[in-house]
Amino acid sequence: MPTTITEPAADVVILGVGYMSGVIAAELSIASLNNNKNYKVVAITKGPYWDYVNDFSTTKYDEWGVGLGRKYDSPLPLQSTTIRNTPYQFALPVRRYTMPIQYHALGHGVGGAAQHYGGTMGRQGPWGYQMLLQTNTRYPGTIDTINPHNDLEDWPLQYYQYEPYYVQWENAHGLCGNYNGSIDNPGSDASGYPWMSQNYKLPPHPLTSAAQLFQSTVSSAPFNYHPFPHVNALASQPYVNSYGVPVNPCVYDGYCGGPCDYACETGAKANAAYRTIPAAMKSGNFTLVVNSFIFRLDTDPTSGLVTAARYYDPQGNVHIQPGTVFFNGMWGYNMIRIMLLSGVGAPYVWNSDPTLVSGTVGRGLTNGYSPFKGTNVSGTLSNIGGNAYPAGNAGGGSVDIYDLMDDNFDHTGLGFIGGSQIGVGGYPGGGPGNITFAGGVSSASMGPQFKPSQKDKYLQTKTIVSATPFAPDLPTKDNYVDLDPHYADIYGDPLARLTYDWTQNMYIGATYLANKVKDIFTKMGASNVTVSSTVSPGAAHNDWWGHHLRGGCRIGTAPASSVWDKWNQCWSPTVKTPFNIFGAGEITNTSGDTVPSGTHVAGPQSYRAAEGIKQYLGLMTPGLVP
């Protein structure tokens with residue numbers, strides 16, 4: 001029979017051990033970072049602690065197992081989610097990791113999904129932190145038309161206030177790049193570009209020929225844009241990070257990108273398992289609990305404070321982990337779900353009258369991924385070929401611009417706000433790409449007619465350039481996360497239910513942006529440059545969820561509409577507030593632009609939260625950190 005085991009109390013209890021949790025683990029367990037105080041830190045995760053040599057070096061070269069079987073991912077029979085487009089629909093469960101219904105998988109174990117990602121990064125610009133204020137200032141009276149049932153809010157801090165935390169996060173994880181397009185780095189948010197007080201610690205990966213052509217084209221007239229190498233978290237050189245953890249470089253083996261992306265056998269893909277958790281374990285103050293499923297947070301009925309985390313071990317025993325401070329570092333809707341299951345924070349309650357909605361936990365959901373169907377622009381560079389045999393990696397080689405993003409161009413009368421990060425390049429052989437996982441197999445993709453087309457497919461004599469740019473997804477009062485009343489996980493607890501559909505801002509912006517990119521491709525000398533597949537707002541609907549879910553458990557400036565305050569400390573509800581739980585992750589992003597990695601944007605929040613936790617532990621009585 002399963003038993004209940006009460007563990008020794010800890011100063012800090014960490015829920016989930018992904019990117020953000022690794023920072024909390026290192027920052028709170030290393031005595032020298034805490035005035036020589038030996039805080040006891042416990043971190044709990046539902047998967048294993050992967051060893052990149054023993055677990056990946058001989059097993060990662062498995063397109064079927066990785067791309068279709070998702071063998072490194074969270075098992076859906078253990079826990080899944082349900083999705084629908086509107087509150088009036090019956091949500092259906094995600095039962096598989098392949099399209100339709102689902103494409104991107106959840107991470108499993110220490111490091112989370114960053115064990116097998118493309119490593120794409122990119123700082124968010126100053127506009128992304130003040131989207132509402134700057135829109136209302138420059139284009140007054142337009143936001144409610146652009147975004148019906150608008151729920152857009154600004155962050156509690158501005159870019160310049162997060163900038164020092166960006167530096168900490170980048171130095172810990174060894175990001176590669178060369179600034180962010182702001183040539184003179186003015187040290188001021190007024191430029192519109194994400195200026196940097198110091199450059200990335202590692203240089204960018206070598207650029208492809210297509211990327212170099214794009215770079216020279218956009219930096220000259222008539223564009224005069226500000227290109228920069230794509231920012232990446234796959235180490236380009238050997239590196240020792242700010243915690244003294246040695247980092248191995250990328251070996252460009254080509255099994256990096258592709259369906260679900262591939263794990264790295266050298267540990268070059270930055271994540272908590274190989275950057276921050278080793279430093280925490282070395283401290284002697286850190287305990288890592290693996291293969292354990294957190295299912296509840298206990299709270300004090302009088303104060304509202306969280307008192308313990310409950311989890312199942314592999315044998316089904318229930319463990320109670322008491323603590324002083326708790327950090328919610330779970331991925332995406334799991335962060336929301338554990339709070340809703342435990343009664344921590346005020347749950348969001350939707351109403352058909354948008355003026356009557358209430359609560360915060362689950363509110364403000366947006367998607368960091370763009371729709372599959374959208375306005376596309378493409379062309380052919382006939383004079384640039386490439387070697388598409390597996391080589392290179394998933395995130396290097398390309399060049400980006402922020403000039404068509406944020407409010408870096410005049411939006412007067414355009415009917416949308418924001419824009420898109422535009423990039424060209426990338427290694428042709430960054431992933432193997434030999435299987436079709438989305439269905440639709442025909443004589444054109446198998447059999448005797450198909451085989452001749454494969455003869456020279458890896459020795460490309462031309463390069464296809466394409467883009468499907470969207471303006472940013474904006475939070476509305478109709479997109480949210482709650483608990484599903486019909487479907488449960490393996491233990492009988494309700495699944496998270498995602499009510500979400502694409503917002504009109506994305507599609508209205510797409511047509512404008514595609515035509516701007518068309519001008520660039522034409523200037524690059526591409527032939528057959530065509531804008532196609534124009535999709536009107538409301539003509540396509542979301543039928544999946546990506547692992548870059550944003551908002552839904554956001555930080556903000558008011559406890560009536562946000563879960564966390566400027567220290568990423570819980571301040572909702574205002575009565576019996578659970579002050580002693582902090583949280584950070586992409587799902588806590590308040591709003592943002594279209595930089596492809598909300599992970600990079602969430603990173604500074606983890607250091608901000610760590611600083612807040614340290615201050616909270618010094619308070620005489622529980623309360624908000626000033």
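The values are calculated or read from the model by the stated rules, or taken from the named source; none is laboratory data. Fair warning: this is a prediction, and the values are worked out from it, not measured in the lab. No Cβ is skipped: glycine too gets one built from the backbone with ideal geometry, and neighbour counts run over all protein chains shown. Surface accessibility is based on the protein's heavy atoms, side chains included, excluding ligands, DNA and RNA. Shrake-Rupley method; radii C 1.70, N 1.55, O 1.52, S 1.80 Å.
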What translational diffusion coefficient, to the nearest whole µm²/s, does segment 416-535 have by Stokes-Einstein, given a Kirkwood radius computed over alpha-carbon pairs, a temperature of 25 °C and 0.890 mPa s viscosity? 129 µm²/s
Whole-number accessible area per residue in Å² for segment 4-617, which is evaluated in the context of all protein chains at 1.4 Å: 36 Å²
Spherically averaged projected area of segment 221-358 from its Cα convex hull (nm²): 16.8 nm²
Local charge sum around TYR389 (other residues, Cβ-Cβ under 12 Å, Lys/Arg +1, Asp/Glu -1)? -1
What are the ³J(HN,Hα) values, in whole Hz, obtained from phi via the Karplus relation 6.51 cos²θ - 1.76 cosθ + 1.60 with θ = phi - 60°, for each residue of segment 526-531 in sequence order, with x given for Gly and Pro? 5, 9, 6, 6, 9, 9
So for segment 482-604, what percent of the C-alpha to C-alpha distances run longer than 18 Å? 70 percent
Please compute the length gained on full extension between ASN35 and SER453, using 0.36 nm multiplied by the number of residues separating them and subtracting their Cα-Cα distance. 144.0 nm
Go through 561-572, 66-77, 458-469, 335-346 and give me the packing order, highest mean Cβ count within 10 Å leading. 561-572, 335-346, 66-77, 458-469
For segment 305-355, give the percent of accessible area contributed by carbon and sulfur heavy atoms, probe 1.4 Å, rounded to a whole number. 54 percent
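Specify, per residue and in Å³, the volume enclosed by the convex hull of the alpha carbon atoms belonging to segment 38-149.
Working: hull volume 26.0 nm³, N = 112.
It comes to 232 Å³ per residue, whole-number rounded.
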Going by average Cβ neighbours within 10 Å, how do the peptides 573-583, 318-328 rank, with the highest at the top? 318-328, 573-583
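What does the charge count around ALA496 come to, taking other residues whose C-beta lies under 13 Å from its C-beta (Lys +1, Arg +1, Asp -1, Glu -1)?
Around ALA496, the surrounding residues sum to -1.
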By per-residue mean of other Cβ atoms within 10 Å, what is the highest-first order of 587-597, 418-428? 587-597, 418-428
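If you build the convex hull over the alpha carbons only and average its shadow over all orientations, what do you get for segment 337-383? Give it in nm² to one decimal.
With every direction weighted equally, the projected area is 6.6 nm².
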Would you mind telling me the share, in percent, of accessible area of segment 77-176 contributed by carbon and sulfur at probe 1.4 angstrom? 57 percent
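Length gain on complete extension for the stretch GLN158 to ASN224, per 0.36 nm per residue less the alpha carbon to alpha carbon distance?
Result for the pair: 21.0 nm of gain on full extension.
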Three-way shape call for segment 498-567 based on the alpha-carbon gyration tensor, with the a/c threshold at 1.5: prolate
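Which percent of the accessible area of segment 416-545 is formed by carbon and sulfur heavy atoms (probe 1.4 angstrom)?
Within segment 416-545, the accessible surface is 51 percent carbon and sulfur.
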Too-long pairs where the Cα-Cα distance tops 25 Å, listed order kept, from LYS71/LYS269; LYS477/LYS516; LYS46/LYS269; LYS282/LYS614; LYS269/LYS477: LYS477/LYS516; LYS269/LYS477
Contour excess over end-to-end distance, with Cα ends at TYR61 and ASN248 and 0.36 nm allotted per residue: 65.4 nm
So what are the three principal axis dimensions of the chain from its Cα atoms, in whole Å, longest to shortest? 69, 58, 50
Summing Lys, Arg as +1 and Asp, Glu as -1, what charge do residues with Cβ under 15 Å from the Cβ of GLY368 carry, GLY368 excluded? 0
